[in-house]
Amino acid sequence: MPRLGRPGTRRGLLVAGAMAALLALTSCAAPQDSGDRTAQDAGIQLFQLPWNSIAGECETTLGPNGFSWVLTSPPNESIARDEWWASYQPVGYGLESRLGSREEFADMVARCDAAGVDVIADAVINHMTGQDAAGTGFAGTPYEHYAYRGLYAAADFHHCGLTTDDDILDYDSREQVQTCELVNLADLDTSSPRVRETIVAYLDDLLSLGVAGFRIDAAKHMAADDVAAIVGALPEGTRIISEVIRGAGEPVQPEEYTGLGEVFEFSYARDLAPQLESGVFADPELEGDRPLHVPADTAVVFVDNHDTERREADVTYRDGALYVIANALMLADDYGTPIVYSGYAFSDRDAGAPAGADGAVDQASCADATGPADAYDDGERTCVQSWPAIAGMLEFRAVAGDAPRLEGVDEGDAYGFEREGRGVVAVNVGAEEQTVEIPTSLPAGEYCDAITGGREPVTSDGCRGAVYTVEDGVARFELGPLVAAAIHADSRR
Ligand code: ARE
Ligand code: CA
């Protein structure tokens, strides 16, 4: 049986109540309901973008282009430094950060919600700062490495005693990974009821402002039972996406965390990149589970994120057309929930987003942006959420709905596949023109391309972008070098 997408029904109140009672009795974590999410669900990570700007993006771009959720950077007070990664060193749980104030955060959530976009906040709950010297946070809160006013004292941290300086040295040791310090970050004792309550109070506060859920940063570094206890104390339906980087042979694997909600599936981008490079494409397991991938309904997939674009990612905003191809294949796929990534250009991996003298990150708008550009200046926003190809592929995804992905065709450096009866995507990753013909049950006719034509590729005069033909049950694509194409049931002209 092909996968038929996510359940689209909301549980009745009665059932939810009964479930909650049952869960309270058995004291296990509330399984996170997929709510009213559908096969069209797609998110966007707006890395280090201020709250006021995200609110604007929700209204001008994310809502209209069909994104259903946005992942923000961490909203809490952190150390006062210029590097972007200062956001991952919490000083406290007050919502005063380089990205905006509590009021601005709340206003963003309300405005995004009105635009039909859920806000998922990045929750840094495994640790506090990695600073050996005492300091003062962005909002003026004094702290020490193991002392955080009103929150935590030395006894609330793991001091693993397994390595020099208590740092994680060996990812093959579960105990080190979960109780020693990730790059010197003071590791919270998440087995402690007091610590758990303090974290839950923080997450509850964000929920009270209307966020739909959380990315759980560094989830690998917390025992799944610890995360389960925290998540289980949150209201049912809170969306949870755990960051557990799949590492070959490591004892802690993403599968341990799927009972809590979704996880970022790092295998997806890792599998895609070599295919884009070699031009030799392999269909994934089309029915049933993909090897080294969590089940589809618990997977969040991406081409790159803020960590991988600075490290191992082979395809990023720097690759322009190839990046579009990677995103097009991901958005056309029927596995998991995709999250598109949008950050800023950099040549120094530590460089923070452009900011004022007070450290507050500059506002930015992608409302009039297009892309990809041939090149970006350092600090310039990539505005991927505004690219016509991305908007077009979100429309493709909406039209494809629950239709299964069918067997693909690999021809030279080109490849394509159909979402049964709903749309066909095709790409050419080579340097030469290449034709690829994909069998399809789309009706014969001329179709407007959603990659060059965007979200509304059909105009009164014809097509906004390229035109492709379906004839005798075959979609034919003559593709130039590094060209992607996508046609769908609503793009026939
Ligand atoms: C910075 C400095 C450090 C310094 C530290 C404390 O770079 O030199 O010691 O501050 O002062 C981000 C940055 C870090 C930064 C940190 C805190 O990337 O450079 O440290 O913020 O400011 C592992 C984890 C995974 C984690 C990655 C980065 O398992 O959870 O490392 N990813 C998240 C975020 C990061 C963030 C943090 C966690 C910390 O997405 O942006 O760090 O909150 C294999 C393993 C993986 C491992 C990976 C890299 O693949 O399988 O598990 O990921 O190697 O080591
Ligand atoms: Ca830990």
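The values are calculated or read from the model by the stated rules, or taken from the named source; none is laboratory data. Not measured: the values here are computed from a predicted model. Quick reminder, even Gly has a Cβ in these numbers, built from the backbone with ideal geometry, and neighbours come from all protein chains shown.
Assorted remarks:
- Flag for ASP413 being over 19 Å from PHE302 (Cα atoms) and surrounded by 21 or more Cβ atoms within 10 Å (Cβ to Cβ): yes
- Odd one out for ALA228, checked against (1) within 16 Å of TYR257 (Cβ to Cβ); (2) within 14 Å of ligand 2 (Cβ to nearest atom); (3) in contact (Cβ under 8 Å) with a residue 40 or more places away in the chain; (4) not β-branched (Val, Ile, Thr): (2)
- Lone qualifier among LEU479, LEU442 - being closer than 11 Å to ALA414 by Cβ and either at pLDDT 95 or above or touching a helix residue (DSSP H, G or I) at 6+ places or on another chain (Cβ under 7 Å) (or both): LEU479
- Residue in the range 99-115 that is assigned to a strand (DSSP E or B), within 16 Å of ligand 1 (Cβ to nearest atom) and out of contact with any Cys (no Cβ under 9 Å at 6 or more places or on another chain) present: no
- Residue, farthest from ARG405 (Cα to Cα), within the range 245-295, restricted to residues that are polar (S, T, N, Q), out of contact with any helix residue (DSSP H, G or I) (no Cβ under 7 Å at 6 or more places or on another chain) and in a helix (DSSP H, G or I): SER278
- Test: residue in the range 361-384 that is in a loop (DSSP other than H, G, I, E, B), closer than 16 Å to ALA42 by Cβ and in the same structural domain as GLY140 (by TED's automatic domain parsing): no
- Count of residues meeting criterion [assigned to a helix (DSSP H, G or I), among the acidic types (Asp, Glu) and either within 18 Å of ILE120 (Cα to Cα) or touching a Cys at 6+ places or on another chain (Cβ under 8 Å) (or both)] in the range 222-244: 0
- Those residues of the range 157-173 which are surrounded by fewer than 14 Cβ atoms within 10 Å (Cβ to Cβ) and touching a residue at least 12 places away in the same chain (Cβ under 8 Å), in sequence order: ASP165, ASP172
- Each residue in the range 212-225 was checked for being within 14 Å of ligand 2 (Cβ to nearest atom) and either in contact with an Asp or Glu (Cβ under 8 Å, 6 or more places away or on another chain) or in contact (Cβ under 8 Å) with a residue 60 or more places away in the chain (or both), and 8 pass.
- Scanning the range 167-188 for residues that are within 11 Å of ligand 2 (Cβ to nearest atom) and in contact with a Cys (Cβ under 8 Å, 6 or more places away or on another chain) returns ILE168, GLU175, GLN176, THR179, CYS180, GLU181, ASP187.
- Members of the range 185-197 that are over 26 Å from the mean Cα position of the chain (by Cα) and either surrounded by fewer than 21 Cβ atoms within 10 Å (Cβ to Cβ) or of a type in the set (Lys, Arg) (or both): ASP189, SER191, SER192, PRO193, ARG194, GLU197
- The set of residues in the range 199-220 being in contact with a helix residue (DSSP H, G or I) (Cβ under 8 Å, 6 or more places away or on another chain) and either assigned to a loop (DSSP other than H, G, I, E, B) or not charged (D, E, K, R) (or both) consists of ILE199, VAL200, LEU203, LEU209, GLY210, VAL211, PHE214, ILE216, ASP217, ALA218, ALA219.
- Residues satisfying the stated conditions in the range 385-418, i.e. among the small types (Gly, Ala, Ser) and assigned to a helix (DSSP H, G or I): SER386, ALA389, ALA391, GLY392, ALA398, ALA400
- Reported count of residues in the range 246-261, each being within 16 Å of ligand 2 (Cβ to nearest atom) and either in contact with a Pro (Cβ under 6 Å, 6 or more places away or on another chain) or under 29 Å from LEU209 (Cβ atoms) (or both), is 2.
- Any hit, the range 200-210, residues being touching an Asp or Glu at 6+ places or on another chain (Cβ under 8 Å) and either within 27 Å of SER97 (Cα to Cα) or away from ligand 2 (no atom under 16 Å from the Cβ) (or both): yes
- Every residue from the range 139-186 that is of a type outside the set (D, E, K, R), under 13 Å from LYS220 (Cα atoms) and either not in a loop (DSSP other than H, G, I, E, B) or not assigned by TED's automatic domain parsing to the domain that holds VAL252 (or both): GLN176, VAL177, GLN178, THR179, LEU182
- Positions within the range 226-268 being within 16 Å of ligand 1 (Cβ to nearest atom) and among the polar types (S, T, N, Q), in sequence order: SER242, GLN253, SER267
- Qualifying residue in the range 281-293 (condition: in contact with a Phe, Trp or Tyr (Cβ under 8 Å, 6 or more places away or on another chain), of a type outside the set (A, V, I, L, M, F, W, C), within 12 Å of ligand 1 (Cβ to nearest atom) and assigned by TED's automatic domain parsing to the domain that holds LEU46): no
- Within the range 123-138, restricting attention to residues that are outside any loop (DSSP other than H, G, I, E, B) and under 25 Å from LEU207 (Cα atoms), the residue that is nearest to ligand 1 (Cβ to nearest atom) is HIS127.
- Filtering VAL324, VAL303 for residues that are in contact (Cβ under 8 Å) with a residue 24 or more places away in the chain, assigned to a helix (DSSP H, G or I) and in contact with a helix residue (DSSP H, G or I) (Cβ under 8 Å, 6 or more places away or on another chain) leaves a single hit, VAL324.
- Scanning the range 207-225 for residues that are more than 13 Å from ligand 1 (Cβ to nearest atom), within 30 Å of GLN176 (Cβ to Cβ) and over 14 Å from the mean Cα position of the chain (by Cα) yields ALA223, ALA224, ASP225.
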